[in-house]
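A short worksheet on the structure shown next.
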Amino acid sequence: DDDNFASVAKEQNEHLKAKDKELKESLLKVQRLNVNHEGQIEIWNERMNTAPERAAEMAKREEAWVAKQQETNLQCLKIMRSYIPMDIEKLSVKQILEKVKAEGGQCTYALAERLKSKKLLHWIVMHKDDIARENFLVGANVSAFKNLGDYDVVELRAVYACLPATFELDNTPGRVGAKLEWKNGLITKLKEMSAQQAGETVPAGWDPVKEEEKFEKLKPLKPADERNPAYYYLDESGMKEKIAHFEVIEQRLDGLKKRCTVLEGEEGGSGGLVSEMKAEADAALEDYRSEYLQQEYGKDVLKSLRDEAAKEYKKVVDELGFLKTGDKGRITGKGLKLKIYNLEQSIENASPNKKECLEEFGLVRAQKLQVPDLEADAAVLTGILEIAYAKVLEDFCSTEFNGRGCLIGGVFDPMPEPKKKERTAFKKLSDEEEARQRKLDMEKAMAARGQGGGASVKDGILGDKNNGGEVGVVGGGGLGKVKPSESMRAMLESQHGGGTKAKPKEKAPVERREPKSKALKARASAVVMGAGEGGNGLDKVAAGALADGTPREDRLGEIKARPPNPMLAGIKARGAPAASAPPRPPNPMLAAIQARGPARPPNPMLAAIQARGPPRPPSLAAAIAKRGGADAPPRPENPMVAALKKKQAAQLAERNAQGAEGVGGGFEIGVVNYKPNAK
C-alpha cells in the first residue's frame, strides 16, 4: 500500500544521502593528500635540478646518447658539409650556384636559398672556437637559431656534431646560461626525432587487464622532418606548377597594362580615357561659368552636368593612380600604376625568375633527374660517406617521398679543416690620451666654427659680417608706411582699369556662345529653347542645326524668330507712365467666349423651380434683424437666470440682516447680470 511505499522510499533516500556524504569525505581526503603530494613533487624537483651531481649525471647521459649516435651524427655532418662551401657567409645565392657549377655539380635555387638563409647551418663549416664565441641569441638572425622545427633530422645531427663542449660569454646579466639552455633544447629535440626515426617505443600507462606497464611505438617522422624537400629536384608536376605561377602573374600584369593603356593612352599620353574625361570636365566647367548658357539652360542644370563630369574624371584618375618616389627612394602610390609596379618588382626580384627556372628545369629534364630513383640517391651518398652501399640505402634512402625527384648531390669536401677567424684587437686609449684627443677635437670644432660668414646683431642693428653693411633695424614700433610695389600697382590697375583708387569697370555684356561639353551638346540637340510649334518651347529647325553639328550662326536664316511675349511686355510696362505704357492686349479666351455664338438660352430647370409656387418667405436674417426693433415683441425671460437672481437676492438679504445686528451697518452686494453665452 501507500504507507509501505513511502517508508521504503524514505529508507532508500537516507541510505543514498549517507553514501553521498561518505564519498564526499573520501574525495576531500584524497584532494588533501594530492595537494600534499604536489608540494612534495615540487620540492623534490627543485632538489633534483639543484643537486651538485646533476650536471655530471646529465653529462653522463649525454655521453651515453652521443656514443650511441656518434657514428650517425658524423655521417650526417659529412653529408651536410658536401653541400656547404667554406666561405658561405660571404657568398650570395647566385654565387653559391656558380661555385657549385665550377666544382662540376648542379644545385637548385631552392637549396642555395635554404643554405644561405638558415644561419645555423653555417656552423657546420665553422671552427668550434668561433662557434663558442658566437652571440647568436640576439640580433636579426635569432629566429634561425630558436626555430629548431625548421630543420630536418640530418641537419640537426650535423649541427650537434660540430658544437663545442661549452659556450663562452654565457653570463650576460638577465640571460645567464641562455646558450647552455639552447644547447639542451637542441639535444632534447634531436633525441625525440632520432627516437621517432628509429621507431622506438615509450611508456604509455598501465594496462589493468594484463597488470603491466603499456608501451607504444612512436609515430614516424614526417617526410619534411626526415629530409627537407629542398635537397631534391622537383618532379614534373612541381616544375609545371612553378612555371604556371609565373604565367598567372604575367597574365594579370598584361591585363593591368592593357587597362592602363586604355586609361592613359599611348606612350605620348594622349587619346586615353583620362584625357578625354578631363577635357569633358573642363568643358563642363567652362559651360557652367558662361552666363549665356546659364540663362539658356539654367544654373542647376549646368551645375549637375559639371559635377557629374568631375565625378567621372576623378573615378578614372583614381583607377589609374600614380607612383611617387620618397626621400629615401621608397616608391609609394595607388591604383593601377602601383599594382603594375608591385607585380613587375615581384617578377624582377623573384629568385629564381621565370628564365632561370626554365634553364634549371631544362637541365633537370635533360638528365631525367625529375624521376625519383632511390638507388641513384644511395650511389650519390656512398661516394660521400665511403661506406657500404647497402647500409647507405637502408639508413638514408629507404623512404620514398611523393612529389620529389632525385637527390641533389654535394660537391664540396665532406671533411674539411675549418680555420679560426682572425680577430683584430683594438688598443684602448689611456685617460691622458683620451683627454688630449678630446681637446684637439674641440679646438678643431671651434676653429671651424669661427670661419665663414654669418649674421650678427649689435645695438639693435642687423648686419652682415662680410660687408659690415646694415640691413635693417631689429625691434621698433613697426615698419611704418609701406608703399605698394610696382607689381601690386599693376595688378590693381588691371583689375580696376586705372589706379589704386579707380572705379570698377562696367560689367561687360553677356556674349552668346555654344556649349562645349558633350553632355550639354546632347541635351541641346534633344531640346532647344525657343517658341517652337504651339508655344511648347521646341524648335525643330534649331534642334536640327545643333544635331548635325552645323553652328547656329550659319543657319540663323532658317530659324524662326521668337515672337514677343505679350504678357511679359505688359508686366515690364506696368510700372511705366500711363502715356508710354502700351495698352493691355485683349484676353484671347474672353474674346473666344464672346465670339462663340448667340446669347446663352435660359436654363429650363431654373425656370421650372421659379414657377413652382408662391414667392419664397423673407430670409431668417431679416427676421433676426427686425427682432431688436421698436415693434418687436418682448423676449421671454430665461427660467434658469430668474432662479439664480432669486437665490442671490435671498443671500443678500440675509447678509444685510447679519451685518445690521453685529456691526451696526450693512452692505450690499450687487447682482451680476447673468449672460448664458458669457465666458
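The values are calculated or read from the model by the stated rules, or taken from the named source; none is laboratory data. Bear in mind the structure is a predicted one, so any value in this text is a computation, not a measurement. Glycine gets a Cβ as well: all are built from the backbone with ideal geometry, and neighbour counts include every protein chain shown. Side chains included, ligands, DNA and RNA excluded: accessible areas come from the protein's heavy atoms. Shrake-Rupley method; radii C 1.70, N 1.55, O 1.52, S 1.80 Å.
Could you work out how much longer the chain between L440 and M86 gets when fully extended? Use 0.36 nm per residue separation minus the Cα distance between them, nm to one decimal.
122.9 nm
Express the C-alpha Rg of the stretch 290-334 as a ratio against the empirical globular expectation 2.2 N^0.38 Å, rounded to two decimals.
The reported ratio for this selection is 1.94.
Step through the residues of the stretch 86-96 one at a time and calculate ³J(HN,Hα) from phi using the Karplus curve (6.51 cos²θ - 1.76 cosθ + 1.60, θ = phi - 60°), rounding each to whole Hz and writing x for Gly and Pro.
Using θ = phi - 60°, the values come out as 5, 9, 5, 5, 9, 9, 8, 5, 5, 5, 5 Hz.
What is the distance in Å between the Cα centroid of the stretch 312-333 and that of the stretch 23-102?
Using only Cα atoms to place each centre, the spacing works out to 54 Å.
Whose amide H sits under 5 Å from the amide H of G405, counting only residues 5 or more places off or on another chain, with H placed in the peptide plane?
Y233, L234, D235
Assign one of three labels to the stretch 256-314, namely rounded, prolate or oblate, based on the Cα gyration tensor with a ≥ b ≥ c the square roots of its eigenvalues; rounded applies when a/c is under 1.5, prolate when it is not and a/b is larger than b/c, and oblate otherwise.
Details: a/c = 5.50, a/b = 2.82, b/c = 1.95.
The shape class here is prolate.
So if I average 1/r over every pair of distinct C-alpha atoms in the stretch 233-275 and take the inverse, what Kirkwood radius in Å does that give?
12.3
Under 14 Å from the Cβ of W44, count the other residues' Cβ atoms, weight Lys and Arg +1, Asp and Glu -1, and hand me the total.
Here the charged neighbours net out to -1.
Sort the stretch 88-208 into rounded, prolate or oblate with this rule: let a ≥ b ≥ c be the square roots of the eigenvalues of the Cα gyration tensor; rounded if a/c is under 1.5, and if a/c is not under 1.5, prolate when a/b is larger than b/c, oblate otherwise.
oblate
For the stretch 164-179, in order, what is each residue's ³J(HN,Hα) by Karplus, 6.51 cos²θ - 1.76 cosθ + 1.60 with θ = phi - 60°, in whole Hz (x at glycine and Pro)?
Rounded to whole hertz, the list is x, 5, 9, 9, 8, 6, 10, 10, 5, x, x, 9, 5, x, 5, 5.
Loop only per DSSP, at most 12 neighbouring Cβ atoms within 10 Å: give me the trypsin sites (Lys or Arg not before Pro) in the stretch 138-243, ordered by residue number.
R175, K210
Of the cross-linked pairs K219/K368; K101/K146; K315/K516; K257/K315, which ones have a Cα-Cα span greater than 26 Å in the structure shown?
Too far apart for the 26 Å limit: K219/K368; K101/K146.
Can you tell me what percent of all Cα-Cα pairs in the stretch 320-441 are more than 26 Å apart?
Value for the stretch 320-441 (Cα pairs over 26 Å): 64 percent.
Using modelled backbone amide H atoms (1.01 Å from N, in-plane), which distant-in-sequence or interchain residues come within less than 5 Å of K214's amide H?
Under 5 Å from the amide H of K214: A204, G205, W206, D207.
Can you pull the Rg over Rh of the stretch 1-102, Cα-only, Kirkwood?
Using only Cα positions, Rg/Rh for the stretch 1-102 is 1.58.
What does the accessible area of S346 come to, in Å² to the nearest 10, when a probe of 1.4 Å is used?
Roughly 50 Å² of S346 is accessible to a 1.4 Å probe.
Rank these by accessible area, largest first, 1.4 Å probe: R612, R61.
R612, R61
Solvent-accessible area per residue for the stretch 197-290 at a 1.4 Å probe radius, Å²?
Accessible area per residue, the stretch 197-290: 67 Å².
Explain nothing, just compute: Karplus ³J(HN,Hα) = 6.51 cos²θ - 1.76 cosθ + 1.60, θ = phi - 60°, for every residue of the stretch 203-220 in order, whole Hz, x for Gly and Pro.
Once θ is set to phi - 60°, the couplings for the stretch 203-220 become x, 10, x, 10, 9, x, 6, 7, 6, 8, 6, 8, 10, 10, 7, 5, 5, x Hz.
If amide H atoms are built 1.01 Å from N in the plane of the peptide, which residues on other chains or at least 5 residues away come under 5 Å of the amide H of I331?
Amide H to amide H, under 5 Å and 5 or more residues apart or across chains, I331 pairs with G326.
Given a 1.4 Å probe and every protein chain left where it sits, what share in percent of the accessible area of the stretch 156-260 is carbon and sulfur?
Numbers: 3470 of 6500 Å².
The nonpolar share, carbon plus sulfur, comes to 53 percent.
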